[in-house]
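Below is one structure, written out as structure tokens, with a few remarks after it.
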Protein chains: 2
Amino acid sequence: MAQDQDRIRISFEQVRQLAERPLLRCGISREHADAMVDAVSLAEADDAKSHGLYRILGCVEAVRSGKVDPGARPEVVPTSGAVVRIDAKGGFALHPLRVGRPLLAEKAKQFGIAALAVNNCYHFSALWADIEPLAEQGLVALSCTIGAYNVALAGGSTPAFGTNPFAFAFPRGTGRTPFVFDLSSSVVAKGEIELRRRAGESLPPGWAVDSQGAPTTSPEEALKGAILPFGGHKGAALGLMVELLAGPLIGDLRSAEAFTADPKDAGPLRGGYLMLAIDPGHFAGGEGKLDAADAWLTSLAEQHRPARLPGTRRHAARRRSMAEGVLVSRPLHDQLLELC
Amino acid sequence: MAQDQDRIRISFEQVRQLAERPLLRCGISREHADAMVDAVSLAEADDAKSHGLYRILGCVEAVRSGKVDPGARPEVVPTSGAVVRIDAKGGFALHPLRVGRPLLAEKAKQFGIAALAVNNCYHFSALWADIEPLAEQGLVALSCTIGAYNVALAGGSTPAFGTNPFAFAFPRGTGRTPFVFDLSSSVVAKGEIELRRRAGESLPPGWAVDSQGAPTTSPEEALKGAILPFGGHKGAALGLMVELLAGPLIGDLRSAEAFTADPKDAGPLRGGYLMLAIDPGHFAGGEGKLDAADAWLTSLAEQHRPARLPGTRRHAARRRSMAEGVLVSRPLHDQLLELC
């Protein structure tokens, strides 16, 4: 168990236990806890700390405050066609997504394209982990959900929409890690600002404005003000797209409504989640087309160094974590142990 | 007919005639010409000049070079499920899209979500114009296609993918202009760099690198080098997503393949086009949800001035053009007349 001043190296299995115990202890059902442990542990192993173990704290708070039903049983709403609908009944999102994913995959294979909408859920984790399993079985997948109501329009100075993450996954063949990315509509995810606040670090310029609309490098001021959209008006457009897809389209909350309804317990916001799956077999091009795409992505990665493809650093961290153990923040590690 | 040194003001109908004559004259069929005139004239009226009348020049060149079949008859490929496939047979894209759009809308209404793939086509116009008609009939729509092979990865110095535009439209109710945007994966569309080259203007810093990978403000050098993705690695990720969706997923060319195959006649590249349509009626939320979304968008626009929603400037220009006439570049106007 190698360690330094601020971090401790533990096995992936220990990461899972560290995540699991507080969840079960606070009354979260086995089905919900299993899905949550999988997502949080994988993010921690991928060195995507802002979606890793520290999210457990917020989940526990959200149960303690009475906001999230820890034993909610997701209900599959009867539909026809290529749409799967699940009412999460005010529980966490990952278990309903796990229920819906095989139904979505089945419909995508049947119709060529299909959609899964989960309503009334609390999503707190990284979206790439939600869609990677679809790409591993040969489907193309997209997903999105509302995020913290914290992002300004380009040229704006107050929140207009949420951090609204959007994810995409493309299959690379059996046994190959899919091409997958997950991006927030803001310059950075709110979690990155939270992590810097916890670490007492300041923000790079260009990330945020304070509550008066003035540029700020203070995480506290940024959390009271607004984060800027990535890429100016283009990132703002994509943020609004996500807001409309995961909100009004599927009959769920916009991020401002979710924020207003939230008891501010540091847990995730209530809202909707939209996932699409597409089966390449229903389109032109024959069987070799996915192999050709995989070969292209491999050559891209080789020819454009030091530039990287999305997910490269994360997947490298995952291989390292599985081989050598996972480096976890010591204060967080201790805090999670105390929660038990 | 008001005018200044470099521009001439003509009616919208005159814009349409200016677009139509060269197309028919060079042998483009009535069906193709109709769709092309609609798209180019609307972009010109919207003051989206990079997708306006000047595109006619490239289309004429592409027919003269023998690259594009001016009378190609799109073939609807038999499919089951929620996928519409059209083989454009090496013709321009807009006529096949017009053939496919009602089939796509029908399937979206039947299944809740549907996809339209057009293969072997030449697309040269603004994507928002392709999907606005779907949103006008109450559907949510997305579309994408490959663009000029000219965009580097974040941190890269040579082209890795195309300018790859992506568009989204959301209905705002009967008689209301939909929420719609269209963005390239690059900081700017290649057309913007072309326009500056034609005008003898230099580029703002941060748009492009030259063929050696060094930053440049010269349009000529940028066109030999690479344009940068918007928003760094996030824009690059979206560019790669579009490349995979409009290329390998539907069995069509990647932008590098399209570029290699192209005779460099200044016309559009051959490639594929993917459009998705989603029917809000298949999801939760009831009938009032779209009205609520429309009211939210209206309040956003009012509360966040001077920030604007996507499309605001373009739709304002359209209203102005329809009332007062369209300001057209005089050299382009004269050049198009000579083409007849």
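The values are calculated or read from the model by the stated rules, or taken from the named source; none is laboratory data. For clarity, every value in this text was computed on a predicted model and none was experimentally measured. Don't worry about glycine lacking a Cβ; one is built from the backbone with ideal geometry, like all the others, and counts go over all protein chains shown. Calculation scope for accessible area: heavy atoms of the full protein, side chains included, ligands and nucleic acids excluded. Shrake-Rupley method; radii C 1.70, N 1.55, O 1.52, S 1.80 Å.
I'd like the Karplus ³J(HN,Hα) series for the stretch B:14-26: coefficients 6.51, -1.76, 1.60, θ = phi - 60°, whole numbers in Hz, and an x wherever there's a Gly or Pro.
Here the 3J(HN,Hα) series is 5, 4, 4, 5, 4, 6, 6, 4, x, 5, 5, 4, 8 Hz.
Between the stretch B:231-276 and the stretch B:69-116, what is the C-alpha centre distance in whole Å?
19 Å
Between A:LEU53 and residues 5 or more places away or on another chain, which pairs have amide H atoms under 5 Å apart, with H built 1.01 Å from N, and which residues are they?
Hits under the 5 Å cutoff: A:GLU44.
Take the Cα atoms of chain B, find their three principal axes, and give me the spread along each one in whole Å, biggest first.
Computed over the Cα atoms, the extents are 54, 46, 43 Å.
Given 20 °C and 1.002 mPa s, how large is the Stokes-Einstein diffusion coefficient of the stretch B:234-340 in µm²/s, with Rh as the Kirkwood radius over Cα pairs? Please report the intermediate quantities before stating the final value.
Working: Rh = 19.1 Å.
Translational diffusion coefficient: 112 µm²/s.
Over the Cα atoms, compute the radius of gyration (one decimal) and Dmax (the largest Cα-Cα distance, rounded to a whole number) for the stretch A:15-121, in Å.
Just the Cα atoms of the stretch A:15-121 yield Rg and Dmax of 15.0, 42 Å.
So which residue, out of A:THR163, A:THR145, A:THR177, gets the largest mean-square fluctuation from a GNM of chain A using Cα contacts under 10 Å as springs?
Largest GNM mean-square fluctuation: A:THR177.
What are the trypsin sites (Lys or Arg not before Pro) within the stretch A:225-298 that DSSP puts in a loop, where the Cβ has at most 14 other Cβ atoms within 10 Å?
Working: sites: A:LYS234, A:ARG254, A:LYS264, A:ARG270, A:LYS289; in loops: A:ARG254, A:LYS264.
Loop-located and lightly packed - A:LYS264.
What value, in deg cm²/dmol to 500, does the helix sum -39500 (n - 2.57) over DSSP H runs of n ≥ 4 give at 222 nm once divided by the residues of chain B? Each step should come with its number before you reach the end.
Details: 12 runs with 144 residues, N = 340.
Estimated from H runs of four or more residues: -13000 deg cm²/dmol.
Over the stretch A:247-340, what relative contact order in percent results from Cα pairs under 8 Å that are six or more residues apart?
Working: 28 pairs, mean separation 13.3, N = 94.
Averaging sequence separation for qualifying contacts and normalising by length gives 14 percent for the stretch A:247-340.
Using the heavy atoms of the protein chains and a 1.4 angstrom probe, tell me the accessible area per residue for chain A in square angstrom. Write down the numbers at each step before the final one.
Working: 12860 Å² over 340 residues.
Spelled out: the 1.4 Å probe surface of chain A, per residue, equals 38 Å².
Per residue in the stretch B:148-176, which ones lose no less than 40 Å² of accessible surface when going from chain alone to all protein chains (1.4 Å probe)?
Going by heavy-atom accessible area, the residues of the stretch B:148-176 that drop by at least 40 Å² are B:LEU153, B:ALA160, B:PHE168, B:PHE170.
Using the 7 Å Cα-to-Cβ label point, sort the distances from A:GLN212 to its equivalents in the other copies shortest first and give them in nm to one decimal.
4.6
If I take R0 = 35 Å and measure r between the Cβ atoms of A:GLU220 and A:ARG9 in this structure, what FRET efficiency does the formula 1/(1 + (r/R0)^6) give, to the nearest 0.05?
Details: r = 31 Å, r/R0 = 0.89.
Between A:GLU220 and A:ARG9 the formula returns 0.65.
Mind checking which of B:PRO78, B:PRO263, B:PRO215 has the largest fluctuation in a GNM of chain B, springs on alpha carbons under 10 Å?
Result for chain B, Cα springs under 10 Å: B:PRO78 fluctuates most.
Would you mind listing the distances between the B:LEU103 label point and the same position in each other copy? Use 7 Å along Cα-to-C-beta, nm, one decimal, shortest first.
3.1
Give me the accessible area buried between chains B and A, both sides summed, with a 1.4 Å probe, in Å² rounded to the nearest 100. Don't jump to the answer; show the numbers that get you there.
Values: alone 15520 and 15510 Å², together 25720 Å².
That pair hides around 5300 Å² of surface in total.
Using protein chains only (no ligands, no nucleic acids) and a 1.4 Å probe, work out which residues of the stretch B:218-239 have their accessible area cut by at least 40 Å² relative to the chain alone.
B:PHE230, B:LYS234, B:ALA237, B:LEU238
Counting only Cα atoms, I'd like the Rg/Rh figure for the stretch B:179-270, Kirkwood definition for Rh.
Computed over Cα atoms, the ratio is 0.98.
Which FRET efficiency value, to the nearest 0.05, do you get for A:ARG25 and B:GLN110 by plugging their Cβ-Cβ distance into 1/(1 + (r/R0)^6) with R0 = 51 Å?
On the way: r = 48 Å, r/R0 = 0.94.
So the FRET efficiency works out to roughly 0.60.
Can you compute 3J(HN,Hα) from phi for each residue in the stretch B:293-304, using the Karplus curve 6.51 cos²θ - 1.76 cosθ + 1.60 with θ = phi - 60°, rounded to whole Hz and x for Gly and Pro?
So the J values, rounded to whole Hz, are 5, 4, 5, 5, 4, 4, 5, 4, 4, 6, 7, 10.
Can you pull the Kirkwood radius for the stretch A:102-167, inverse mean 1/r over Cα pairs, to one decimal in Å?
Details: mean 1/r = 0.0728 Å⁻¹.
Its Kirkwood hydrodynamic radius stands at 13.7 Å.
May I ask you to report, in nm to one decimal and beginning with the shortest, the distances from A:THR174 to the same position in the other copies, taking label points 7 Å along Cα-to-Cβ?
5.5
Positive end of the dipole of chain A, charges at C-beta (+1 Lys, Arg; -1 Asp, Glu), about the Cα centre: which of A:ALA82, A:ALA301, A:GLY66 has its Cα farthest in that direction?
The Cα lying farthest towards the positive end belongs to A:ALA301.
When chain A is turned about an axis onto chain B, which of its residues keeps its C-beta closest to that axis, and how many Å is it?
Here the nearest residue and distance are A:GLY231, 1.
Rule-of-thumb check for the protein assembly as shown: C-alpha Rg over 2.2 N^0.38 Å? Present the calculation step by step, with values, prior to reporting the outcome.
On the way: Rg = 25.0 Å, N = 680, 2.2 N^0.38 = 26.2 Å.
Normalised Cα radius of gyration, the protein assembly as shown: 0.95.
Of A:PHE111, A:PHE92, A:PHE168, which is the most mobile in a GNM of chain A whose springs link Cα atoms less than 10 angstrom apart?
Maximum fluctuation in the GNM of chain A, among the listed residues, is at A:PHE111.
Taking +1 at the Cβ of each Lys and Arg and -1 at the Cβ of each Asp and Glu, which of B:ALA135, B:VAL99, B:VAL242 sits farthest along the dipole of chain B towards its positive end, judged by Cα position relative to the Cα centre?
Of the listed residues, the answer is B:ALA135.
Using unit Cβ charges (K, R positive; D, E negative) and no other charged atoms, how large, in debye to the nearest 20, is the dipole of the stretch A:141-209 about its Cα centre?
On the way: 6 positive and 4 negative charges, 31 e Å.
The calculated dipole for the stretch A:141-209 is roughly 140 debye.
If the only charges are +1 at each Lys and Arg Cβ and -1 at each Asp and Glu Cβ, what is the size of the charge dipole of the stretch B:83-199 around the Cα centre, to the nearest 20 debye? It would help to have the intermediate numbers written out before the result.
Values: 12 positive and 8 negative charges, 18 e Å.
Charge dipole, the stretch B:83-199, about its Cα centre: 80 debye, nearest 20.
If you average the alpha carbon positions of the stretch A:161-187 and of the stretch B:122-191, how far apart do those two centres end up, in angstrom?
19 Å
Any chance you could count the Lys pairs in chain B whose alpha carbons are under 28 Å apart, treating pairs 8 or more apart or on different chains as valid?
Qualifying lysine pairs in chain B: 20.
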